[in-house]
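Working notes, structure below.
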There are 2 protein chains.
Amino acid sequence: MAIITIIGAGMMGSGMSRPARENGHEVRLVGTPLDREIIREASVSGRHVPMKRNLPDGIKYYQIEDVKTALQGTDYIICGVSSFGVDWFADEILPILPNGIPVLSVTKGLMDDEQGNLLTFPEFLASRMPKERNITFSAIGGPCTSYELMDKHQTMVYFCGPDKAVLEQFKALLQTEYYHIETSTDIRGVEGCVAMKNAYAVAVSMAIGMAERLDGPDAYMYNPQAAMFGQSIREMTRIVRLLGGNSDLAGGIPGAGDLFVTIFGGRTRRLGYLLGYGKTYAEAKEELKGVTLESVVIITRMSRALRKMAEQGKVDLADFSLLLFLDSVINQGAAADIPWNTFR
Amino acid sequence: MAIITIIGAGMMGSGMSRPARENGHEVRLVGTPLDREIIREASVSGRHVPMKRNLPDGIKYYQIEDVKTALQGTDYIICGVSSFGVDWFADEILPILPNGIPVLSVTKGLMDDEQGNLLTFPEFLASRMPKERNITFSAIGGPCTSYELMDKHQTMVYFCGPDKAVLEQFKALLQTEYYHIETSTDIRGVEGCVAMKNAYAVAVSMAIGMAERLDGPDAYMYNPQAAMFGQSIREMTRIVRLLGGNSDLAGGIPGAGDLFVTIFGGRTRRLGYLLGYGKTYAEAKEELKGVTLESVVIITRMSRALRKMAEQGKVDLADFSLLLFLDSVINQGAAADIPWNTFR
């Protein structure tokens, strides 16, 4: 049995305690400064309030002040922060990690730079870590909602990272009868899907909102959703290829699978639904106040990067008309009037 | 304006009357011997009883005895039979078609032969037609339920066939503000998706039935469906490649898009649901009595073909473990106990 320290007690970070405890590992759950209440309540009652679930027995809880204590003797790290916490993780946590410790991240997203280059989070974290400290960064992709992992629903995911042996270690640690893990060194392929599925889930959900606006709450209208789903995976395939990943992943577990699960609930679906229902982005944002929207960040970043690449003659923007349409709705206040005839 | 004769007055054949009439063409709808009642009622009241919809105004209706009258002066043919009617269409209709007339088919499926070779329906029909008669066979793929086409829901489809110019003619005839058509000469790619989506819709629907068996009618359980969806497109990608088609189609409109729409309703979903709920195939078949199950045919044929190809060293069966699992449930009475760990 190993000691696994999870840093970040949000939904997905905390969710990872399920397979870890199932397999008998010692789990130390450390809250970020934003998780103070979650840790306080869970350490008293075992309850994860936002997740509306009891966490597994036997977890050791730590507030952020005690992170160094939590790191003593730990064998593995799970980074449980959202994309909005990655800089914090890089600034505050990376410097205090033990040398040689493997890190597995649940963070979803991509960074972009001035030139339109895109960077996955495992790559970003590695770029912030001196080589001689010998720390590898791996990440999780695929259709897995934290609620359902907690409830032991059958789930298939990918662990991706630069070192196959490390990935196999993580798989051995965390695979259970309900949590099925494939490993891949194709970080850009897997993480490209992980990031983009949030963007495209807005599109499919928009068709759901549109159906209800046109036909009422019992609308039987699936052709438009299905068209949006197909167009989404089509563009995602091109983006993964552009990132240098294996584009088959876009049609597989991390792409199509994860897009599928994302449109059945959560804030991304809600945003798309409201836009399709006829709200402007400003109105939808108002209604979703306080909710972090990773989908908006990735739509904005990827559209920006694609435009830069188009200026350099590297891509044809017509191949990404759905994504750029989403960008126009979110960043230019355009109406959510789906440009069906531009899809190819 | 053109004269379009639709042969086969089932759901999808009749559905095609919507865009054809929208664009002002003369539409002649000919029933097969199985469609006698549909034609009789529609010719009196305009009502398509199985579809629970009124057909567009101005259609001319014909019973099968009058098919030659319907063919006089017609410019285009739409073949509206299901896969169970293809032999009938080849035997009875092909010989009486005017030379040089373009045929567009809505039929979904693939044929297999003794050696494990697979044939799409446009290829099969062409093989039954002497070259000198100069008739091309095209086909429709993509997420389009007949109800929704009739209700003018936004829909994206592919027209595929050997002759790009003919495909563009069909597109010009039938494209409307709600029916969006892309054309492709990749018949095997598009038709491979069209056929296989019926097979894999059983798998995804099985996860839906399983969720309800385990957690009741309000089950919130999407991770398993999503995993099945991803695994389905993964295997479909391999099958399209095997057929010599562009495997990107599996993640696009004809593959992922059509699989998506298929799991929201209809007999294929119902079959998968019952199996996932715990019924044997024999019990499910009993409950679905009288319903034609194209999904069962394609699961059986494709599994048979893959096994033959494996014997010849052309494929690794482990790449198709979901399909072969479906085959074992349907053709060997196996329990619908999803083999999660065999998926790759």
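All but one of (1) more than 8 Å from chain B (Cβ to nearest Cβ); (2) over 17 Å from A:VAL157 (Cα atoms) hold for A:LEU259; state the number of the condition that does not hold. Only one criterion is unmet by A:LEU259, namely (2).
Residues in the stretch B:212-227 that are free of Cβ contacts under 8 Å to residues at least 40 places away in the same chain, out of contact with any Lys or Arg (no Cβ under 9 Å at 6 or more places or on another chain) and either more than 7 Å from chain A (Cβ to nearest Cβ) or not aliphatic (A, V, I, L, M) (or both): B:LEU214, B:ASP215, B:GLY216, B:PRO217, B:ASP218, B:TYR220, B:TYR222, B:ASN223, B:GLN225. Within the set B:THR74, B:THR32, B:THR69, the sole residue that is touching a strand residue (DSSP E or B) at 6+ places or on another chain (Cβ under 8 Å) and loosely packed, with under 15 Cβ neighbours inside 10 Å turns out to be B:THR69. Going by the conditions given, is A:VAL296 crowded, with 18+ Cβ neighbours inside 10 Å, over 23 Å from A:GLY266 (Cα atoms) and out of contact with any Pro (no Cβ under 9 Å at 6 or more places or on another chain)? For A:VAL296, the condition - crowded, with 18+ Cβ neighbours inside 10 Å, over 23 Å from A:GLY266 (Cα atoms) and out of contact with any Pro (no Cβ under 9 Å at 6 or more places or on another chain) - is not met.
Within the stretch B:88-107, the set of residues being farther than 18 Å from B:LEU174 by Cβ and either among the hydrophobic types (A, V, I, L, M, F, W, C) or modelled with pLDDT under 95 (or both) comprises B:TRP88, B:PHE89, B:ALA90, B:ILE93, B:LEU94, B:ILE96, B:LEU97.
Looking at A:ILE59, A:ILE64 in this structure, which one is closer than 28 Å to A:ALA165 by Cβ and among the hydrophobic types (A, V, I, L, M, F, W, C)?
A:ILE59
Counting only strands (runs of 3 or more DSSP E) that sit wholly inside the stretch B:28-111, those with at least 1 residues that are under 20 Å from the mean Cα position of the chain (by Cα) are B:76-79, B:103-105. Among the residues of the stretch A:126-145, none qualifies, meaning not one is among the β-branched types (Val, Ile, Thr), buried (at least 16 other Cβ atoms within 10 Å of the Cβ) and in a helix (DSSP H, G or I).
With respect to A:VAL157, determine if the residue is assigned to a helix (DSSP H, G or I), under 14 Å from the mean Cα position of the chain (by Cα) and β-branched (Val, Ile, Thr). Give the derivation first.
Details: assigned to a helix (DSSP H, G or I): no; under 14 Å from the mean Cα position of the chain (by Cα): yes; β-branched (Val, Ile, Thr): yes.
Considered against the rule, which asks whether it is assigned to a helix (DSSP H, G or I), under 14 Å from the mean Cα position of the chain (by Cα) and β-branched (Val, Ile, Thr), A:VAL157 comes out as no.
Just wondering, is there one or more residues in the stretch A:317-333 that are over 20 Å from A:LEU118 (Cβ atoms), more than 14 Å from chain B (Cβ to nearest Cβ), touching a residue at least 12 places away in the same chain (Cβ under 8 Å) and not in a helix (DSSP H, G or I)? So far as the stretch A:317-333 goes, yes, one or more of its residues are over 20 Å from A:LEU118 (Cβ atoms), more than 14 Å from chain B (Cβ to nearest Cβ), touching a residue at least 12 places away in the same chain (Cβ under 8 Å) and not in a helix (DSSP H, G or I).
Are there helices (runs of 4 or more DSSP H) fully within the stretch B:228-299 with at least 2 residues that are of a type in the set (Asp, Glu)? List them. Even if it seems obvious, please write down each step before you answer.
On the way: elements: B:258-262, B:267-277, B:281-287.
Qualifying helices (runs of 4 or more DSSP H): B:281-287.
Pairs are defined by a Cβ separation below 6 Å, a sequence spacing of at least 6 or placement on different chains, a first member in the stretch B:58-73 that is outside the structural domain of B:ASP35 (by TED's automatic domain parsing) and more than 13 Å from B:ILE96 (Cβ to Cβ), and a second member that is at pLDDT below 95 and part of a loop (DSSP other than H, G, I, E, B); no pair meets this definition.
Mind telling me which of the residues B:GLY265, B:GLY272 ends up being at pLDDT 95 or above and either within 13 Å of chain A (Cβ to nearest Cβ) or under 14 Å from B:ASN198 (Cβ atoms) (or both)? Show your work before the answer.
Working: B:GLY265 fails: at pLDDT 95 or above.
Step by step, each of B:GLY265, B:GLY272 is checked, and only B:GLY272 is at pLDDT 95 or above and either within 13 Å of chain A (Cβ to nearest Cβ) or under 14 Å from B:ASN198 (Cβ atoms) (or both).
Being facing chain A (nearest Cβ under 8 Å), under 27 Å from A:GLY142 (Cβ atoms), part of a helix (DSSP H, G or I) and not acidic (Asp, Glu), is that true of even one residue in the stretch B:185-195? There is no residue in the stretch B:185-195 that is facing chain A (nearest Cβ under 8 Å), under 27 Å from A:GLY142 (Cβ atoms), part of a helix (DSSP H, G or I) and not acidic (Asp, Glu).
The values are calculated or read from the model by the stated rules, or taken from the named source; none is laboratory data. Predicted model, so just to flag it, every value in this text is computed and none were measured. Heads up, the Cβs are rebuilt from the backbone with ideal geometry, glycines too, and the neighbour counts pull from every protein chain shown.
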